[in-house]
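To start, the structure itself, in structure tokens.
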Amino acid sequence: MSPRRGLLLLSAFFSTNIWLLWSPLALRVAPLLLSMNDEIPIAGFLQKLRLFVGQLQGFEIEGDSMHPTFKTGDRVLIDDRSMLHIGDIVVAHHPFKASVKIVKRIESLEKDGSLNLIGDNPNESSDSRGFGSVKRDDVIGKVVFRLR
């Protein structure tokens, strides 16, 4: 195969995949699917130090709504200054139960600043399908690390 023909085939391959990557459906679905397969990294010494000095907050998971990503007793670190994106996992105040905090994944971001949140285990999750969207101000922070 000539170098020029190989370059043309390579170019065609990448342009087709880039189009698929940027298609409207892929832009909405791909970040959610990719994030669901990603592991939340385990906190190291620096992250634990940031927890100690108050830059991060600790939170313990209760319930099965985020199974298999998290199970009851898992501990996570949240950052209230992180940018939020579709697919991120956040801790938020429940919209109707003031004393309850929820851990959910961002399904979509609305133009008015509200978020639609879903659990990874839909059969065990109370989420935006039932209580509607959550205001951005009700989000405590983004889950950024897991504690062991």
- request: Scan the range 96-108 for residues that are crowded, with 17+ Cβ neighbours inside 10 Å and in contact (Cβ under 8 Å) with a residue 24 or more places away in the chain and report the count.
  value: 5
query: Which is surrounded by fewer than 17 Cβ atoms within 10 Å (Cβ to Cβ) and either within 17 Å of residue 39 (Cα to Cα) or among the acidic types (Asp, Glu) (or both), of 80, 74?
result: 80
- prompt: Of all residues in the range 109-127 being free of Cβ contacts under 8 Å to residues at least 24 places away in the same chain and of a type in the set (S, T, N, Q), which is nearest to residue 83 (Cα to Cα)?
  reply: 114
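Every residue, every condition in (1) closer than 21 Å to residue 69 by Cα; (2) out of contact with any Ser or Thr (no Cβ under 9 Å at 6 or more places or on another chain), yes or no:
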position	(1), (2)
82	yes, yes
89	yes, no
108	yes, no
134	no, no
140	yes, yes
- request: Exactly one condition in (1) closer than 20 Å to residue 58 by Cα; (2) part of a helix (DSSP H, G or I); (3) not acidic (Asp, Glu) is not met by residue 106; state its number.
  value: (2)
- prompt: Assuming residue 59 fulfils every condition listed in (1) surrounded by fewer than 17 Cβ atoms within 10 Å (Cβ to Cβ); (2) among the aromatic types (Phe, Trp, Tyr); (3) in contact with a Leu (Cβ under 8 Å, 6 or more places away or on another chain) apart from one, which condition is it?
  reply: (1)
query: Since residue 72 meets every condition but one in (1) under 14 Å from the mean Cα position of the chain (by Cα); (2) in a loop (DSSP other than H, G, I, E, B); (3) not hydrophobic (A, V, I, L, M, F, W, C), which condition does it not meet?
result: (1)
- prompt: Name the residues in the range 110-127 that are modelled with pLDDT of 95 or more and over 18 Å from residue 62 (Cβ atoms), would you?
  reply: 114, 115, 116
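The values are calculated or read from the model by the stated rules, or taken from the named source; none is laboratory data. Just so we're clear, the structure is a prediction, and the values are computed from it rather than from any experiment. Cβ atoms come from the backbone with ideal geometry, glycine included; neighbour counts cover every protein chain shown.
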